[in-house]
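Input: a single structure, listed below in structure tokens.
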Amino acid sequence: MFGSKRPGSTDAAADMNAVIDGFRGFARYLGGVMGADAYTKYLEHHAAAGQGIPPLTEREFWRDHTDRQDSNPQSRCC
Amino acid sequence: MGIMPHSTQSNLQVDDGIVPDPALPPTGIDPGVADAEDRTWTPAKIALWAAIALLGGVAWFMLAIVRGETVNAIWFVFASVCTYLIGYRFYSKVIERYLTKPNDRRATPAEYKADGKDYVRTDRNVLFGHHFAAIAGAGPLVGPIIAAQMGYLPGTIWIIIGVVLAGAVQDYLVLFFSMRRGGRSLGQMAREELGVIGGTAALVATLLIMVIIVAILALVVVNALGESPWGVFSVGMTIPIALFMGVYLRYLRPGKVMEVSLIGFVLLMAAIIGGGAVAGTEWGAAVFHLDKVTIAWGLIIYGFIAAVLPVWLLLAPRDYLSTFMKIGVIAMLAVAVIVVRPEVTVPAFSEFASRDNGPVLSGSLFPFLFVTIACGALSGFHALIASGTTPKLLEKERQTRFIGYGGMLMESFVAIMALVAAISIDRGLYFAMNAPAALTGGTVETAAQWVNSLGLAGVNITPDFLAETARNVGEQSIVSRTGGAPTLAVGLAHIMQQFIGGTAMMAFWYHFAIMFEALFILTAVDAGTRVARFMLQDSIGNFVPKFKEHSWRPGAWLCTAIMVAAWGAVLLMGVTDPLGGINTLFPLFGIANQLLAAIALSVCMAIAAKRGSFKYLWIVALPLTFAAVVTITASFYKIFSPVPAVGYFANNAAFAKALADGKTSFGTAKTQLAMEAVVRNTMIQGWLSVIFVVLSIIVIITAVLATVKAFRNATRGVPNPNHEDPAVASRIFAPAGVIPTPAERELMAEWEKLPADVRFEKAGQH
């Protein structure tokens, strides 16, 4: 994940790539913590479960996602 | 279900009634191999742990024994981190081996109930962050600061030792037991394990405790924003920012959570900077200069609207913002403390450690220090999170130790950092900020005079110093800014300005700190109101079934109104309290939180007993006994103490007598109206203490009875009822901790070799 050297690239470019990869990794981690990848995970689950019906679109999924929280609140601690 | 007798595969050798798919590699590390890995001590490993132990020992020595004129903050970091590492590596493994006994061959709810929405397998490191963001808020930033009155050492010891032996144990056990029950809530588990009486008492106690916790968190915000135009403006701006984010996510770009959080963050920074400019103008200072009662009413009205609005509009976007800030702020706080390494001049034990009439918190060190610091050492509220979302996201059973125990250690570290930030400011300033206006008189002159008259070693402040500090942080006054949040903000500004920006940036850092504390608290207030409303609806629904329909508007609105009215009343009581508010109510917050912990630990003890782990039941009994003794003693002091500053009813009697004698002012209450308020408030607070302690004692007794019954059954060979979901064979593997062990790596490689169509897809990222 962290900066594998690409063929033909100079060391400086590789370092730059490493920084970019590191930053992307961190952004992806933060996104995971905040639940930004919920739709991707839903699609993965849908594909694996193979229910034979088309998955919700991104817009439909997020609508459903927050609407379900209306009747399913999550505690936040102090 | 049986075991395949002919199989030689290592993961089929355990007789746990699970039949794994023979086409798959083992779904868990062979217990024998894991054991051998734990018990093999290579020289490098020995050297590492010896170094950790040595460093921790030296740090504790510096804090507890040497305690020179000043102590460097870095020793707090070393003492805490080394103790956490040892607790995590050794004590939590004892709990794992003898009490929880996780079995990775068994599927977690996220696997056998997978629905792509609520039950979703989540990478352990991501889930760690997620769980941490849900448990940590403003609590660990407030309690340690108030307790700093007694000196740094009592609080430090309790935060660090308490978390290892109590707080983290509770979080871990609740998470594990809830996971085994498909993610059932604490209330449901209490009902199943303790029966109707214990379960009902637990439910009512939880509901009341949530009201108190929300009210006192709201009080912290009100105290931080009162008479602060800058704070009111920038915190107020979070509402339109959140609304914008909500609309953006719903209609403009659904699902772009990171994008909208970044936009929200930039707007938030703009609101903080803009707040300074607005507060600097005449009209801005006039419009946003609000007294505490007005802010409290604003918060109550806001609380009701926020709880009935759809989640997508306000709650969800603000939650994103809050999580985003939480991770950033806590990392920033830790980095700043480590880089700046401030010198601490507060003594290990202050003059107030051995007295029960401290100006910031009244009552003796035992038990009141232990209830003042709840979050960070032992927080019952976590049991609601650990039996909520997190167990539905776990990938493997053995990860509960990392997420549950490790997550709580992280919160404890936040509490230590907050303590360091607060005690790095001048001691005189600390008392001027945290004592109620009734003592300081409210002006810089009277405050300086009062602080100097306390006769504290090395404390001598001038009115100019107080005025200058207020100017530096962009406030009109910092005298009697009680509640902990402003003190932390000054401490953070003091540390951060040495790191970035110098004195010119102090006002920004101060309001940045106020902003994130307010953000955390408002999120907790909204979510707490909503959760409490549903609990109330379900409870009333047992008698009037219509209330169980969550979409039934009149029911939802009525229950929301009841909950908001309940915490709003306590909040107003705190704001208008002539005795100072936070110092009379904060003990109630801690007591409530720890009583909830006692309830959670009681449920865990009953479950552990039914699983037959009698020999190691002390692991649960120890923190349970401690929490019970501390909270029940504290409650008894609050109920029966003849000292008016400590006992609610003693205070009530004193003021009632003064009124009857026809006095027009008594103690810190300067009018008859104020005296009547004290009589009313102390009566309510007293009865709340009585109700809490009675309910908790009922729960603890029912848990002890359940434990005894489980023991009798076990000795007679009668099987104890097991409320776990039936075991299902797992079809995946993932490591248990941050860094995979060699055996785990070997197994991961085996899984990698599996053709993609046979393998379950990976959870999130690895």
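The values are calculated or read from the model by the stated rules, or taken from the named source; none is laboratory data. Treat the numbers as computed from the prediction; the structure is a model and nothing was measured. Ideal geometry is used to build each Cβ from the backbone, glycine not excepted, and the neighbour counts take in all protein chains shown. For the accessible areas, the whole protein counts, side chains as well, though only heavy atoms, and no ligand, DNA or RNA atoms are used. Shrake-Rupley method; radii C 1.70, N 1.55, O 1.52, S 1.80 Å.
At a glance:
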item: Per-residue mean of C-beta atoms belonging to partner chains within 10 Å, peptide B:129-137; result: 3
item: Under 5 Å, built H, 5+ apart or other chain: amide partners of B:THR122; result: B:GLU395
item: Label-point separation, B:SER354 to B:ILE239 (7 Å along Cα→Cβ), nm; result: 5.1
item: Total accessible area lost when B and A pair, probe 1.4 Å, Å² to nearest 100; result: 4100
item: Formal net charge of residues neighbouring B:CYS559 (Cβ-Cβ distance under 13 Å; K, R +1; D, E -1); result: +3
item: Full-stretch length increase - A:ALA48, A:ALA13 - with 0.36 nm per residue and alpha-carbon distance subtracted; result: 8.8 nm
item: Nearest 10 degrees, 0 to 90: helix B:672-716 Cα axis against chain B principal axis; result: 20
item: Cβ-derived FRET efficiency at R0 30 Å, B:ALA331 paired with B:THR503, nearest 0.05; result: 0.80
item: Computed Rg/Rh of region B:633-766, alpha carbon atoms with Kirkwood Rh; result: 1.40
item: Vicinal HN-Hα couplings computed from phi for region B:549-565 (Karplus, 6.51 cos²θ - 1.76 cosθ + 1.60; Hz; Gly/Pro x); result: 6, 5, 8, 6, 3, x, x, 4, 5, 5, 5, 4, 4, 4, 5, 5, 4
item: Within region B:670-766, trypsin sites (Lys or Arg not before Pro) in DSSP loop having at most 16 other beta-carbon neighbours inside 10 Å; result: B:LYS670, B:ARG731, B:LYS753, B:ARG759, B:LYS762
item: Cut-off 19 Å (backbone N to label point 7 Å along Cα→Cβ of B:PHE61), residues of region B:71-91; result: B:71-84, B:86
item: Measure of compaction for the protein assembly as shown (Cα Rg per 2.2 N^0.38 Å); result: 0.95
item: Dipole of chain B, positive direction: furthest Cα of B:ALA138, B:THR741, B:PRO154, with charges on the beta-carbon; result: B:THR741
item: Cut-off under 5 Å, modelled amide H: who pairs with B:ARG106 long-range; result: B:SER730
item: Chymotrypsin sites (Phe, Trp or Tyr not before Pro) restricted to DSSP loop in region B:30-76 with at most 13 other C-beta within 10 Å; result: B:TRP41
item: Student exercise, region A:11-70 dipole from Lys, Arg, Asp, Glu Cβ charges, in Debye to nearest 20; result: 120
item: Theoretical FRET efficiency, 1/(1+(r/R0)^6), r = Cβ-Cβ of B:THR462 and B:PHE366, R0 51 Å, to 0.05; result: 0.90
item: Rg/Rg_ref, chain A, where Rg_ref = 2.2 N^0.38 Å and atoms are Cα; result: 1.62
item: Distance between region B:514-559 and region A:55-78 - C-alpha centres, whole angstrom; result: 16
item: Given chain B, longest segment not containing exposed loop GluC sites (Glu not before Pro) (DSSP; at most 12 other Cβ within 10 Å); result: B:70-760
item: Long-range amide H partners of B:ASN72 with built H, under 5 Å; result: B:VAL344
item: Per-residue HN-Hα couplings for region B:249-265 [Karplus 6.51, -1.76, 1.60; θ = phi - 60°; Hz; x = Gly/Pro]; result: 6, 7, 10, 7, 9, x, x, 8, 5, 5, 4, 5, 5, 5, 4, x, 4
item: Eligible lysines near B:LYS657 by straight Cα distance, threshold 27 Å, same-chain separation 8 or greater; result: B:LYS638, B:LYS670
item: J(HN,Hα) series, region B:375-392, from Karplus relation 6.51 cos²θ - 1.76 cosθ + 1.60, nearest Hz, glycine and proline x; result: 4, x, 10, 8, 10, x, 4, 4, 4, 6, 7, 5, 10, x, 7, 4, x, 7
item: Between 0 and 90°, nearest 10: helix B:648-660 axis offset from chain B longest Cα axis; result: 20
item: Added length on full extension, which subtracts the Cα-Cα distance from 0.36 nm per residue, B:ALA23 to B:ILE691; result: 234.7 nm
item: Candidate lysines - alpha carbon under 25 Å from B:LYS93, same-chain residues fewer than 8 apart omitted; result: B:LYS45, B:LYS101, B:LYS392, B:LYS396, B:LYS610, B:LYS615
item: Base-10 log of normalised Debye intensity for chain B (one unit scatterer per alpha-carbon) at q = 0.07, 0.08, 0.10, 0.11 Å⁻¹; result: -0.50, -0.66, -1.05, -1.27
item: Total charge dipole magnitude, region B:581-709, about the Cα centre, Cβ charges on Lys, Arg, Asp, Glu only, Debye to nearest 20; result: 320
item: Enclosed volume per residue, in Å³, of the convex hull spanned by Cα atoms of region B:471-537; result: 90
item: Distance in nm between pseudo-label sites at B:VAL94 and B:ALA749 (7 Å out along the Cβ direction from Cα); result: 3.6
item: Extreme residue, positive dipole direction of the protein assembly as shown, given options B:GLY363, B:PHE640, B:LEU321 (C-beta unit charges); result: B:PHE640
item: Dipole magnitude of chain B about its Cα centre (Cβ charges: Lys, Arg +1; Asp, Glu -1), debye to nearest 20; result: 1380
item: Relative contact order of chain B, pairs being alpha-carbon contacts under 8 Å that are 6 or more residues apart, as %; result: 24
item: Given charges at Cβ of Lys, Arg, Asp, Glu: region A:11-70 dipole, positive-most of A:THR57, A:THR40, A:GLY25; result: A:THR57
item: On Cα atoms only, tilt of B:742-752 relative to the major axis of chain B in degrees; result: 70
item: Reachable aspartates and glutamates from B:LYS548, criterion Cα separation under 19 angstrom, eight or more residues apart if same chain; result: A:ASP67, A:ASP70, B:ASP538
item: Helix-derived mean residue ellipticity, 222 nm - over the protein assembly as shown, DSSP H n ≥ 4, -39500 (n - 2.57), to 500; result: -21000 deg cm²/dmol
